[in-house]
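The values are calculated or read from the model by the stated rules, or taken from the named source; none is laboratory data. A quick note: this is a predicted structure, and the numbers were derived from the prediction, not measured. Cβ placement follows ideal geometry from the backbone for every residue including glycine, while neighbour counts extend to all protein chains displayed.
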Amino acid sequence: MDRMDRKKTILGILSLTVILGGLGAVLSAQDAPVREIAITVDDLPFGGADLGLARIRTANETILAALRRESVPAVGFVNERKLFVPGEIDARTALLESWLDAGAELGNHTFSHPSLQDTPLAAFEEDVVRGETVTRLLLERRGRKLRYFRHPFLRTGPSLEVRSAFEKFLAERGYTVAPVTVENSDYMFSASYSQAKTQGDVETMRRIGEAYLQFTEAQLGFWEKVSEEVAGRPIRHVLLLHANEVNAAYLDEVLDLLKRRGYRFVTLEEALRDDAYRLPDTFAGKAGVSWPYRWAVSKGVKIDWRQEPEPPELIQQLYQAARPPA
C-alpha cells in the first residue's frame, strides 16, 4: 500500500469514527430521560406586601419578559381582591391583560386568599366565585375559558369530607385543581429582598438572590427524588412560584437552572396528562403540602422528610423582620 493509499485509508477510518461517534451521541441523547416541568405563578397581580403600582408593574413586565425569552408557557393564578385599589383598578386589571398578551393563561386563586382549613366551606366557595369575576371576563373576551384553580397555601381541606365536597363544587364550575410538586418558599426570599431594595441595600439583595438560587436547586433535587420513589420514575413536575420582586430579578437564572437540569417547559395541561397525577391521594389535614407528599402518605411510601431542605437561617431571620404584622 503506497503512501497515498494509506492516507486515504486513515481518512476513511477517521471519517467512519466521526460518523459513528456522532451517531452514538445522538443515540445517547435519545436514551437520556427528558425532564418536563410546568411553570405556575401565584398571587397575581403581585404577591406579598403591596409595593405600589409602579413597582408591581415593573415586576410583572420583567417576569413576563423572562418567560417570553424562553418561550415558557405559564399559568398565572389571580387574587382579584388585589385589583381593587381606588384609582388603580383599570391599571391593575391591565396587568392581567399583559399576561394574556404574553400568551400565558390565567387561573383562579380565590378573591382574598383565605385558608380552607379554617374558613367554612360555603364562605370559601363564595370567595372562589367572587374571585373569578374579572378573570373569567378577560378570558372570555379572547374566546378562552377559565380552567384552573389553585388552593391558597395548598390547603385542600381539614377533612376528606370537606375536601370531597369542595372538589365537587370546583368540578361543577368547570375547574381543574392545579397541583404542585415543587415549591421554593420564594415568598420568604422576596419579602426580605423587597425590603432590602426599598432600603437600597444592594449587597443584601445579592446575598438573598444567591441563597434563593441555591435553595431552589436543593428543593428541585429533593422533590425529584421523592417523586421518583413514589411514582417509580421521573414525572412531569409543576413548579409553584409567586409574582414578586425576587422572581422579577432572578427568574432568568431559575429558568437557566431548570434547563441545566435537563428540563423542557410544558403547559400545565401537558403536565397533568402524566399518570402520576392519578396516583392515590387520600390526604386531608391542617398542612398545605405538595402532591408528592400526598402520594407518599397515601401509598405508605417511607420518606425521610427530615432531608427536605429548609431556607437558610439568614433568610428566615430576614423574613421574620420584613413580614408585616398579622
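Just a few scattered comments:
- S298 touching a residue at least 24 places away in the same chain (Cβ under 8 Å) and polar (S, T, N, Q): no
- Residue count for region 277-296, restricted to those that are in contact with a Pro (Cβ under 7 Å, 6 or more places away or on another chain), part of a loop (DSSP other than H, G, I, E, B) and more than 11 Å from R155 (Cα to Cα): 0
- Residue count, region 224-254 (criterion: surrounded by 21 or more Cβ atoms within 10 Å (Cβ to Cβ) and of a type in the set (G, A, S)): 4
- Scan of region 110-145 for residues that are in a loop (DSSP other than H, G, I, E, B) and buried (at least 21 other Cβ atoms within 10 Å of the Cβ), ordered by number: T110, F111, L116, G131, E132
- The helices (runs of 4 or more DSSP H) located wholly in region 147-256 that include 3 or more residues which are closer than 30 Å to L51 by Cβ and touching a residue at least 40 places away in the same chain (Cβ under 8 Å) occupy 186-198, 202-231.
- The strands (runs of 3 or more DSSP E) falling completely within region 34-109 that include 1 or more residues that are on the phi > 0 side of the Ramachandran plot and in contact (Cβ under 8 Å) with a residue 60 or more places away in the chain map to 35-44.
- Criterion (out of contact with any Asp or Glu (no Cβ under 8 Å at 6 or more places or on another chain), surrounded by 20 or more Cβ atoms within 10 Å (Cβ to Cβ) and at pLDDT 95 or above) met by exactly one of F189, F153: F189
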